[in-house]
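Trainee: For reference, the structure I am asking about is given below.
The values are calculated or read from the model by the stated rules, or taken from the named source; none is laboratory data. Being a predicted model, the structure only gives us computed values, none of them experimental. Please note that ligands, DNA and RNA were not included when accessible areas were found on the heavy atoms of the full protein model with its side chains. Shrake-Rupley method; radii C 1.70, N 1.55, O 1.52, S 1.80 Å.
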Amino acid sequence: MATVVIVGTGLGGYTVAREFRKLDRETPLLMVTADSGEFYSKPMLSNALASGKTPETLANAEAKQMADRLQADIRTQVTLQAIDPIAHSMAVSGERLTYGKLVLAVGADPVRLDLAGDAAHAMLSVNDLRDYARFREAVSARRRVAIMGAGLIGCEFANDLCGAGYSVDVIDPATWPLPRLLPPQAGESMQRALAGAGVHWHLGRAVDRVDKCNRGYRLQLSDGSNLETDVVLSAIGLRPRTDLARQAGLSTNRGVFVSRSLQSSAADVYALGDCAEVEGLVLPYVMPIMQAGRALAATLAGEETAVTYPAMPVVVKTPAWPTVVAPPPAGTDGQWEVRSESTAVRALFRDASGSLKGFALGGQAIAEKNALTRELPPLLG
Amino acid sequence: MKRYMCVICGFIYDEEKGLPEEGIAPGTKWEDLPPNWSCPDCGARKEDFEMVEVEA
C-alpha cells in the first residue's frame with residue numbers, strides 16, 4: 001500500500017489524518033511540516049490573552065504524541081521544495097520521498113504590503129503558532145499595539161489586546177470594521193462596542209509609512225496624521241500558498257484548484273484548507289476544513305467522496321460585541337434589512353423573492369443563529 | 001453541573017443550560033449528548049472532541 005503523505009500539520013492536515021485513521025489503520029501515513037508540528041487551534045490565538053493561554057499552553061499535543069495517536073511518521077522542521085506528480089515523488093529538505101497519494105494542507109501566507117519607511121520590515125503578522133509566539137514576545141513589557149486591518153483577525157486581536165490592558169490603534173481604509181463580512185450598520189455597532197472596549201479607530205485611512213521612533217514605531221497615515229506605537233501587527237488578509245503546486249504544473253487560481261472531491265489537476269494530489277480553492281471558494285475557517293477533512297479521508301480510504309458545505313456561519317470572537325455572520329455568496333443580488341438597537345443588531349440579506357441568503361447578527365441577536373442558519377441554502381449542497 | 005470547552009474553537013457547552021435552540025434540554029449531561037452531535041460553532045464531532053472541562 002503506497003504511503004499517504006500529508007504536507008502541513010495545521011487544522012487541515014491533522015483533521016484529514018485523524019479522519020483517515022478512523023477508516024484505515026493500515027496504510028502508511030507520513031506527515032511533513034515546516035514547523036514543529038504541535039496540534040493547536042488557530043482560532044484560539046485570537047483570544048489567548050483573555051483565556052490566560054501562552055504559546056506553550058496553546059499547544060494541545062506535541063508532534064510525538066500526534067504521531068503515536070495517528071500511527072503516523074511526522075517529519076518536523078522540514079521544507080517541501082518540489083513535487084513531481086508524474087513520478088509521484090517530492091523533494092523534502094533535499095531528500096526524495098515517494099507517495100501513493102499526496103495531500104497539500106500547506107495553508108496561506110499573510111498578505112504583506114511593501115510600505116515606505118525604515119521599519120516596514122518590522123511589521124509582524126500572525127497566521128500560525130510560531131508567529132503568535134513571536135507576537136506575544138514582541139508585546140510583552142510593551143504598552144501600545146497598532147493593527148493594520150479591521151477584518152476578522154484585526155478585530156479579534158484588538159479586543160483581546162484591549163482586554164489585557166494594551167492601548168490599541170486599528171487602521172483600515174474601509175469606513176467600518178469587517179467591511180467584507182458586515183453591512184455598514186452592523187459594522188458600526190462593532191466599531192462602537194470595540195471603541196467602548198478601548199480601541200482607537202483610524203478608519204477611512206491607510207498606512208503609508210512605518211519608521212523607527214524611540215523604542216517603537218511611527219506610522220504615517222494617508223491623511224497625513226501620525227501615530228506612535230510599540231508593535232505593529234499587519235492583519236490585512238491571507239494569500240493561499242500555491243507556489244509549489246504551480247511549479248509542479250498543477251492548476252491554481254487564488255488557491256490550489258481542486259474538484260469537489262478535493263482532487264487537484266494532477267492524479268493522486270489533493271488539497272484542502274486555507275491553500276485550496278473548491279469551485280471558486282477559498283474558505284479559511286474551521287467548519288469548511290472539518291467538512292473537507294472528512295470527505296477527503298473517505299476518498300483517500302478508497303471511497304471517492306465529494307465535499308459538501310452546508311451554510312457555515314462564521315463566529316467572530318469579539319467579546320465586546322459577539323457576532324456571527326453568514327455572508328451572502330458573492331454575486332447574490334438582494335439587499336440587507338437591518339434592525340439595530342443598542343444591545344443587538346439583526347441584519348438579514350434577502351434576494352428578490354424574499355428568501356434568506358445571508359445574515360449578520362451582533363450582540364444579543366446571536367441567539368437567533370441556529371434558527372436563521374436552518375433557513376439558509378447550503379453553500380455547496 | 002459541568003462546562004466543557006471545544007479545544008478547536010473555544011465554544012463552551014454548559015450542562016446546566018443545554019442547547020435549547022438545538023433541542024438539547026438544560027441539564028443534559030455531556031455523556032448524554034447524541035454521539036453524532038457536533039460543536040455548533042466549528043463542526044468538530046463529539047467523538048473526536050477534545051473537550052476540556054472548565055470550572056462552572
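Trainee: At a probe size of 1.4 Å, how large is the accessible area of A:His202, to the nearest 10 Å²?
Mentor: For A:His202, solvent-accessible area is about 30 Å².
Trainee: Right, another one. What is the Cα centroid distance between region B:12-32 and region A:132-158, reported in whole angstrom?
Mentor: 35
Trainee: In percent, how large is the relative contact order of region A:112-234, given Cα pairs closer than 8 Å and 6 or more residues apart?
Mentor: 33
Trainee: Over the heavy atoms of A:Cys213, what accessible area does a 1.4 Å probe trace out, to the nearest 10 Å²?
Mentor: Using a 1.4 Å probe on the heavy atoms, I get roughly 20 Å².
Trainee: If you count only protein heavy atoms with a 1.4 Å probe, what accessible area per residue comes out for region A:322-375, rounded to a whole Å²? Spell out each step's value before the answer.
Mentor: Numbers: 2680 Å² over 54 residues.
On a per-residue basis, 50 Å².
Trainee: Take every Cα pair under 8 Å in chain A that's 6+ residues apart, average their separations, divide by the length, and report that relative contact order as a whole percent.
Mentor: Relative contact order here is 16 percent.
Trainee: For region A:326-336, what does the Karplus curve 6.51 cos²θ - 1.76 cosθ + 1.60, with θ = phi - 60°, yield as ³J(HN,Hα) per residue in whole Hz, taken in order and with x for Gly and Pro?
Mentor: Ordered by residue, 3J(HN,Hα) equals 10, x, x, x, 3, x, 6, 9, x, 9, 8 Hz.
Trainee: If you take every DSSP beta bridge whose two residues both sit in the protein assembly as shown, what share of them, in percent to the nearest 5, is antiparallel?
Mentor: Of all bridge pairs located within the protein assembly as shown, approximately 60 percent are antiparallel.
Trainee: Amide H to amide H, which residues 5 or more places from A:Val103 or on other chains are under 5 Å from it, using H placed in the peptide plane?
Mentor: A:Val5, A:Ile6, A:Val7, A:Tyr270
Trainee: Moving to a separate point now. Hey, could you grab the Kirkwood Rh for region A:20-74? Inverse mean 1/r over distinct alpha carbon pairs, Å, one decimal.
Mentor: This gives a value of 12.7 Å.
Trainee: If you don't mind, another one. Hey, can you list the residues from region B:1-28 whose accessible area shrinks by 50 Å² or more with all protein chains present, relative to the chain by itself (probe 1.4 Å, no ligands or nucleic acids)?
Mentor: Buried on complex formation: B:Val7, B:Ile8, B:Glu21.
Trainee: Show the residues, 5+ positions off or on another chain, whose built amide H is closer than 5 Å to the amide H of A:Tyr40.
Mentor: A:Asn60
Trainee: Could you state the number of Å between the C-alpha centres of region A:335-355 and region A:224-284?
Mentor: Taking the Cα centre of each part, region A:224-284 and region A:335-355 sit 31 Å apart.
Trainee: How much accessible area does A:Val256 have with a 1.4 Å probe, in Å² rounded to the nearest 10?
Mentor: Counting only protein heavy atoms, the figure is 0 Å².
Trainee: Considering only protein heavy atoms and a probe of 1.4 Å, how much of the accessible area of region A:112-234 is carbon and sulfur, as a whole percent?
Mentor: The computed percentage sits at 47.
Trainee: Excluding ligands, DNA and RNA, what is the solvent-accessible area per residue of region A:112-234 at a probe of 1.4 Å, expressed in Å²?
Mentor: Result: 42 Å² of accessible area for each residue.
Trainee: Here is a follow-up. When the accessible area of region A:322-375 is split by element with a 1.4 Å probe, what percent falls to carbon and sulfur?
Mentor: That share works out to 51 percent.
Trainee: Now a separate question. Hey, which lysines would be in cross-link range of B:Lys2, C-alpha to C-alpha under 19 Å, not counting anything within fewer than 8 residues on its own chain?
Mentor: In chain and number order, the partners are B:Lys17, B:Lys29, B:Lys46.
Trainee: B plus A alone minus the pair: what accessible area, both sides summed, probe 1.4 Å, in Å² to 100?
Mentor: On the way: alone 3590 and 16630 Å², together 18730 Å².
Between B and A, the summed buried area is about 1500 Å².
Trainee: Give the cross-link partners of A:Lys22 among the aspartates and glutamates, using a straight C-alpha distance below 18 Å as the criterion and excluding same-chain residues fewer than 8 apart.
Mentor: Filter leaves A:Asp68, A:Asp73, A:Glu303, A:Glu304, B:Glu47, B:Asp48, B:Glu50.
Trainee: Given Cα pairs under 8 Å that are at least 6 residues apart, what percent is the relative contact order of region A:322-375?
Mentor: 37
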